[in-house]
Each structure stands twice: as C-alpha cells, then as structure tokens.
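What follows is a set of notes on a single structure, which appears directly below.
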Amino acid sequence: MMFTTGRCVVGRTIHGVPTPSLPTVDVAAFASGIDHDTPAAAVTAEQIDTVFRELGFLLVSGHGIEREVKERMLDQLRVFFALPIEQKDAIAIGRSNCHRGYVAFATETLDDANTLAGDLKETIDSGPEHGPDHPEVVAGTPLHGPNQLPDLPEFREAWQEYFFQAVEAALRVQRGVAVALGLPVDYLLELPGETLYHFRMIHYPPQHRLPPAEGQLGCGVHTDYGSVTVLADDGVGGLQVMRRDGTWIDVQVPDDHLVVNLGDLMAIWTNDRYVSNPHRVVNPPDVDRYSMPLFVTPPFHARIECLETCLSPGETPRYEPMVAGPYLLSRFDNTHSYRNEILDTHNREVTDAYR
C-alpha cells in the first residue's frame, strides 16, 4: 500500500522491496533502581553509540512503558481529538504562559523551507506539573507552570500514568547515552536545574477527510531541538527518517517498541559525533494516526558546550556554547503561530478552513 501527498511517497515497500527498518536496542539494563555497572549495560551503551553515529534513530525495547498504559492514553486522545473545535480551543496553548495546551491544525509550521501551509496535525502540549510555589515558577523561568489538560473523566489519570512511565524510558535512554559518551551514568540527569520534559500528544487526520495542500505534510521536515526524543505511536505508520546519505526510509514501530532519536543540542555536546536527523510525517489516506513523543531538553539554564570526552587531542569545538532554554524558546518562536505574528497571519486562512 502506498501513501502519497505532494512529492512525498511513503509505504511499507518501495518498488516491491521492503524498506529498511531501524535497529533495535534493549535499554532494560539502564532501568532505575538497579546496578548500571554491568556487562549488559556496557554492551547496550556500545550499541546506542554505534546506531547514533551511523543513523541517529533507533527502536528501543525494555523501556518500561506498559502496553495497557499506552493504550489507555491513546484511547483518551481519540476521545479528545474527536470533540468540537470549540471544546478543544478551551485549552488553547495561547491561553498558557508556559507553552502548555491545545495546538490546532496548521498553527505550527515545522518545515523552514516550505511555509506554504502549517502542519496538518493537532496536538496537546504538556510537561511536568509545576505549582505556584515551584522555584522556577517563582523565579519566572519560562516553560515552567501548570498544564492545560482536557476536562475528561479519565484523561488526567491516563496522562499521569503514561507521563511517569515515558520519563522512566527517557531516563534509561539518557543513562545509555551518557555511558556511550564515556561519562558517568547519571551525568545527563544531574545537571543543575530540572530537565525539561515536553510531552506532545498528536493527532494526524486521514487525507480523505482533510486533504493536504500541495507540499503540505502532517509534520514538515525538521530536526528535534533538545537532546533526545522518545516516541510511541499507534502502529499506523507515516513517520519518515532521512538517513545520513540523504535517502528517506519509512519507519514502522513494532508492538511494545519506541522510537528514539537525537536532538540538535547533541551535536554541540558531542562535536558532531551525534547529529540530529531530518524527519517528517505523511498523513495516512484512510485512517487517523496518533503519536506521543516525549522531547528531552537539558535544564533551562544549562550551558551546552563540547564535552571533554568528545574532543580528540588537538581538536577544537565546532560550535559556540549555547544555553538550552533560550534555544528551545527560539525554536518555538519560529514555528508556532501564537508566538509569531508573521506565521499567524500567513496561516490564518488555512487554519479557518479546518474549523
């Protein structure tokens, strides 16, 4: 079966030949509460390092997210995204002072090279719950504060359970990455401040219901912003990843696996040992698609600069140091209509057509 939109062609086969799959790494050796100084953990770290050097994307098992927890979260997304737009807009992200809430169709534009129309998806953006007494809230640090979640009977409970387990999966990956880079196992978890976990719940409608404009994708070509991303989806397909040689591959996520990929800041930390990959999503023709990425970014005030373990003798850093939080905000400013007057004006006509 082939999916098409604009110039993009995706499917499970190309000219009858199965598309390449991503390598799989079992990250159970880096679970919380166990000894990580083991041969199994060392092997896992070596596998992560190899795949991230060669591809930048991998599948993981042994991640700690229970199938039932994932399915409950997906069920709640199906309920919410089927609601009338007026009910969804009650928690619109523009009402939040910390980038949390509902993002409507065509109000985010991820592809810098093609801004003809915003992405053909809708999302709920969320993160850790920060009350008014949280130190970063008191200090006025951006991206810290309360969530805007749907007012549905079972939503918050399903969200809390999934978010907790998704963070555990991200901890396992971060430990594996640290060991792969020759760092202490908890190096990435013990940076000063609180790691920024940005959890998105995404709905891609079928093309027969919302036909894309020429060149419009469910999710435009982009790279992720932080350190790593941990993603679960419903198995429908549609995610495409660009390999280092510039060719695109289709990603099918097997049951009980997650997709893990690199973010932009890893290139600074590793002096291009790890580089983020462009990727995109094409909406399926006849079915809805749901995905749940957890984006991991170092603490807001963390200074990102080349790690000593990634600098060979006589080599110099290729990048100037960068502060994580302001960089993340700059990316949101460039892609979200509610934060960008030019994008808002440009996409308003398209957005109104989906209401």
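The values are calculated or read from the model by the stated rules, or taken from the named source; none is laboratory data. This is a predicted model, so every value here is computed, not measured. Note: ideal-geometry Cβ built from the backbone for every residue, glycine included; neighbour counts use all protein chains shown.
Does residue 261 meet the test of being of a type outside the set (Asp, Glu) and over 23 Å from residue 112 (Cβ atoms)? Before you say what the answer is, go through the steps one by one.
Working: of a type outside the set (Asp, Glu): yes; over 23 Å from residue 112 (Cβ atoms): no.
It is false that residue 261 is of a type outside the set (Asp, Glu) and over 23 Å from residue 112 (Cβ atoms).
Yes or no: residue 261 under 30 Å from residue 92 (Cα atoms) and either modelled with pLDDT of 95 or more or in a strand (DSSP E or B) (or both)?
On the way: under 30 Å from residue 92 (Cα atoms): yes; either modelled with pLDDT of 95 or more or in a strand (DSSP E or B) (or both): yes.
Yes: the conditions hold for residue 261.
Of (1) under 19 Å from the mean Cα position of the chain (by Cα); (2) buried (at least 18 other Cβ atoms within 10 Å of the Cβ), residue 136 satisfies all except one. Which?
Going through the list (1) under 19 Å from the mean Cα position of the chain (by Cα); (2) buried (at least 18 other Cβ atoms within 10 Å of the Cβ), residue 136 breaks only (1).
Find the residue count for segment 130-141, including only residues that are of a type in the set (D, E, K, R) and either at positive phi or assigned to a helix (DSSP H, G or I) (or both).
Number satisfying all stated conditions: 1.
Could you grab the pairs with beta carbons closer than 6 Å, sequence gap of 6+ or different chains, first residue in segment 76-91 and within 19 Å of residue 158 (Cβ to Cβ), second one assigned to a helix (DSSP H, G or I) and aromatic (Phe, Trp, Tyr)?
Taking only residues 6 or more apart or on different chains, the pairs are 76/155.
Would you confirm whether or not segment 116-129 contains a residue that is touching a Leu at 6+ places or on another chain (Cβ under 7 Å), in a loop (DSSP other than H, G, I, E, B), among the acidic types (Asp, Glu) and farther than 30 Å from residue 42 by Cβ?
Yes - at least one qualifying residue is present in segment 116-129.
Kindly indicate whether residue 338 is within 30 Å of residue 208 (Cβ to Cβ), among the hydroxyl-bearing types (Ser, Thr, Tyr) and surrounded by fewer than 21 Cβ atoms within 10 Å (Cβ to Cβ).
In short, yes.
All but one of (1) β-branched (Val, Ile, Thr); (2) under 19 Å from the mean Cα position of the chain (by Cα); (3) part of a loop (DSSP other than H, G, I, E, B) hold for residue 287; state the number of the condition that does not hold.
Unmet condition: (2).
Over 30 Å from residue 41 (Cβ atoms) and among the polar types (S, T, N, Q) - does that describe any residue in segment 216-237?
Yes, that holds for at least one residue.
Using the structure shown, decide if residue 146 is in contact (Cβ under 8 Å) with a residue 24 or more places away in the chain and either within 22 Å of residue 230 (Cβ to Cβ) or of a type in the set (Val, Ile, Thr) (or both).
no
Tell me which strands (runs of 3 or more DSSP E) are completely within segment 22-115 and hold 2 or more residues being buried (at least 19 other Cβ atoms within 10 Å of the Cβ), or say none if there are none.
57-61, 101-103
Any idea which of (1) within 14 Å of residue 297 (Cβ to Cβ); (2) not in a loop (DSSP other than H, G, I, E, B) is the one residue 193 doesn't satisfy?
The failed condition is (2).
Output the number of the condition that residue 170 fails; it satisfies all remaining conditions of (1) out of contact with any Lys or Arg (no Cβ under 7 Å at 6 or more places or on another chain); (2) surrounded by 17 or more Cβ atoms within 10 Å (Cβ to Cβ); (3) under 21 Å from residue 71 (Cβ atoms); (4) without any contact (Cβ under 8 Å) to a residue 60 or more places away in the chain.
All conditions are met except number (4).
Could you please find all residues in segment 222-240 being over 13 Å from the mean Cα position of the chain (by Cα) and not charged (D, E, K, R)?
Once the filter is applied, which keeps residues that are over 13 Å from the mean Cα position of the chain (by Cα) and not charged (D, E, K, R), segment 222-240 yields 235, 236, 237, 238, 240.
Across segment 214-237, what is the total count of residues that are in contact with a Gly (Cβ under 6 Å, 6 or more places away or on another chain), at pLDDT 95 or above and in a loop (DSSP other than H, G, I, E, B)?
The number of residues fulfilling the criteria is 3.
Condition first: over 21 Å from the mean Cα position of the chain (by Cα), surrounded by 19 or more Cβ atoms within 10 Å (Cβ to Cβ) and not in a loop (DSSP other than H, G, I, E, B). Can you find one or more residues in segment 148-164 that meet it? Full working, then the answer.
Narrowing segment 148-164 to residues over 21 Å from the mean Cα position of the chain (by Cα): 151-154, 157.
From what's left, surrounded by 19 or more Cβ atoms within 10 Å (Cβ to Cβ): none.
So far as segment 148-164 goes, no, none of its residues is over 21 Å from the mean Cα position of the chain (by Cα), surrounded by 19 or more Cβ atoms within 10 Å (Cβ to Cβ) and not in a loop (DSSP other than H, G, I, E, B).
Can you confirm whether residue 258 is touching a helix residue (DSSP H, G or I) at 6+ places or on another chain (Cβ under 9 Å), hydrophobic (A, V, I, L, M, F, W, C) and either over 29 Å from residue 68 (Cα atoms) or in contact (Cβ under 8 Å) with a residue 12 or more places away in the chain (or both)?
Numbers: touching a helix residue (DSSP H, G or I) at 6+ places or on another chain (Cβ under 9 Å): yes; hydrophobic (A, V, I, L, M, F, W, C): yes; either over 29 Å from residue 68 (Cα atoms) or in contact (Cβ under 8 Å) with a residue 12 or more places away in the chain (or both): yes.
Considered against the rule, which asks whether it is touching a helix residue (DSSP H, G or I) at 6+ places or on another chain (Cβ under 9 Å), hydrophobic (A, V, I, L, M, F, W, C) and either over 29 Å from residue 68 (Cα atoms) or in contact (Cβ under 8 Å) with a residue 12 or more places away in the chain (or both), residue 258 comes out as yes.
Hey, among the residues in segment 291-323 that are free of Cβ contacts under 8 Å to residues at least 60 places away in the same chain and outside any loop (DSSP other than H, G, I, E, B), which one's nearest to residue 140 (Cα to Cα)?
323
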